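Here is the structure we will look at, set down as structure tokens.
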Amino acid sequence: MSIETYEMLSGKLELYSLIDEGLNQIKQGKIKPMRESIKSIRAQIKK
């Protein structure tokens, strides 16, 4: 296996892992709407 192939497969594995983590967080209810997140970030910046 070439280095390029290894890096491509490694990148895909990392991406799939992050997608799986996100899906698990959705199932566990650990997310909030983007509007709420942006509002919270803006409030922290203004402090």
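Exactly which GluC sites (Glu not before Pro) in the chain are in a DSSP loop and have at most 13 other Cβ atoms within 10 Å?
Loop-located and lightly packed - none at all.
Please report the net charge: other residues with Cβ closer than 14 Å to the Cβ of Lys12, K and R +1, D and E -1.
-4
Using a cut-off of 25 Å between alpha-carbon atoms, which lysines can reach Lys32, once sequence neighbours fewer than 8 places away in the same chain are excluded?
List returned: Lys46, Lys47.
Please work out how much accessible surface Met8 shows to a 1.4 Å probe, ignoring ligands, DNA and RNA, in Å² rounded to 10.
Taking all protein chains as shown, Met8 has close to 100 Å².
Express in Å², to the nearest 10, the accessible area of Lys12 obtained by rolling a 1.4 Å probe over the protein heavy atoms while all chains stay in place.
90
How much solvent-accessible surface does Tyr16 expose, in Å² to the nearest 10, with a 1.4 Å probe and all protein chains in place?
130
Counting each DSSP H run of 4 or more residues in the chain as -39500 (n - 2.57), what helix-only mean residue ellipticity at 222 nm follows after dividing by all residues, to the nearest 500 deg cm²/dmol?
-27500 deg cm²/dmol
Please report the equivalent ellipsoid semi-axes of the chain, computed as sqrt(5 x eigenvalue) of the Cα gyration tensor, largest first, in whole Å.
They are 34, 16, 6 Å, listed from largest to smallest.
For Leu13 and Ile41, calculate 0.36 nm times their separation in residues minus their Cα-Cα distance, and state this gained length in nm to one decimal.
Between Leu13 and Ile41, full extension yields 7.0 nm more.
Considering only protein heavy atoms and a 1.4 Å probe, what is the carbon-and-sulfur percentage of the accessible area of the chain?
59
Size of the dipole of the chain about the Cα centre, Lys and Arg at +1 and Asp and Glu at -1 on the beta carbon, nothing else charged, in debye to 20?
On the way: 9 positive and 6 negative charges, 152 e Å.
Magnitude of the dipole: close to 740 debye.
The values are calculated or read from the model by the stated rules, or taken from the named source; none is laboratory data. Just so it is clear, the model here is predicted, and its values are computed rather than measured. Glycine also receives a Cβ, built like all others from the backbone with ideal geometry; neighbour counts cover every protein chain displayed. The protein model used for the area step is the full one, side chains on, heavy atoms only, and it has no ligands, DNA or RNA in it. Shrake-Rupley method; radii C 1.70, N 1.55, O 1.52, S 1.80 Å.
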